[in-house]
Amino acid sequence: MNTGEKRLYVENYLSQRMILFWLAGNTIYTLLYVNNVTVSVQMGFFVMLNIALSLFAFLIAVRQRVYLVQWAYAGIGLAIFQFARLFWIPEELTNPILLYMQILLVATSVAALVGSIICIQRSRERQQYIDEHNINPVIMQK
């Protein structure tokens, strides 16, 4: 069984796991932030943003598992947004926590980016195999 044929039957668990790693890392990042910043309206917006991002990331993970390339591009956007958050870390955080938060942001953005690129590559391989062998993808749906 070649790679293209394999993509017809096996789901894209690697991309899904990378996005789920993003979700776990973002949860740890949120907990570090909430435990080390003073209570304010800004913290409330931060928590609400992270809830929305977590729901969106879970949706991305589920959709990347079935090789939907549009959601891979959404994952790239998520990775870019997570990397941009490096510049929004409050200045009131102390050095060891600040370093952990920066490491988490970089690691999670790299994971989302790698998972999305893998999804794009595998989706193209799958689509190429479907086109070359004139396979009707409707009959293969669960």
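Once both axes come from the Cα atoms, what is the angle between helix 69-84 and the longest principal axis of the chain, in degrees from 0 to 90, rounded to 10? Between the helix axis and the principal axis of the chain, the angle is about 20 degrees.
Placing R0 at 35 angstrom, the Cβ-Cβ distance between Ser54 and Ile139 gives a FRET efficiency of 0.50 after rounding to 0.05. Across region 3-140, C-alpha contacts under 8 Å between residues 6 or more apart give a mean separation that, scaled by the residue count, equals a relative contact order of 41 percent.
When the chain is treated as a Gaussian network with alpha carbon springs shorter than 10 Å, the biggest mean-square fluctuation among Trp71, Trp88, Trp22 belongs to Trp88. Placing a label point 7 Å from the Cα of Thr27 along the Cα-to-Cβ direction, the residues of region 50-89 whose backbone N falls under 12 Å of that point are 54-55, 58.
Available extension along the chain between Asn36 and Ile97 is 21.1 nm, counting 0.36 nm per residue and deducting the alpha carbon span.
Build a GNM of the chain with springs between Cα atoms under 10 Å apart, and of Asn95, Asn36, Asn26 the one that fluctuates most is Asn95. Helix 41-65 and the long axis of the chain differ in direction by around 10°, with both axes built from C-alpha atoms. For Rg/Rh (Cα atoms, Kirkwood Rh), the value calculated from this model appears in [x] 1.06; [y] 0.96; [z] 1.11 under label [z].
Largest mean-square fluctuation among Ala107, Ala74, Ala52, in a Gaussian network model of the chain whose springs join Cα atoms under 10 Å apart, belongs to Ala52.
Comparing Thr3, Phe81, Thr38 along the charge dipole axis of region 3-140, the residue lying farthest to the positive side is Thr3, per the Cβ-charge model.
For the chain, the longest principal axis of the C-alpha atoms and the axis of helix 13-36 are separated by about 10°.
All of the numbers you see were taken from the coordinates with simple rules; none came from a lab. It should be emphasised that the depicted structure is a prediction, and the values quoted were computed from it without experimental measurement. When we count neighbours, we look across all protein chains shown, and the Cβ atoms used for this are built from the backbone with ideal geometry, even at glycine.
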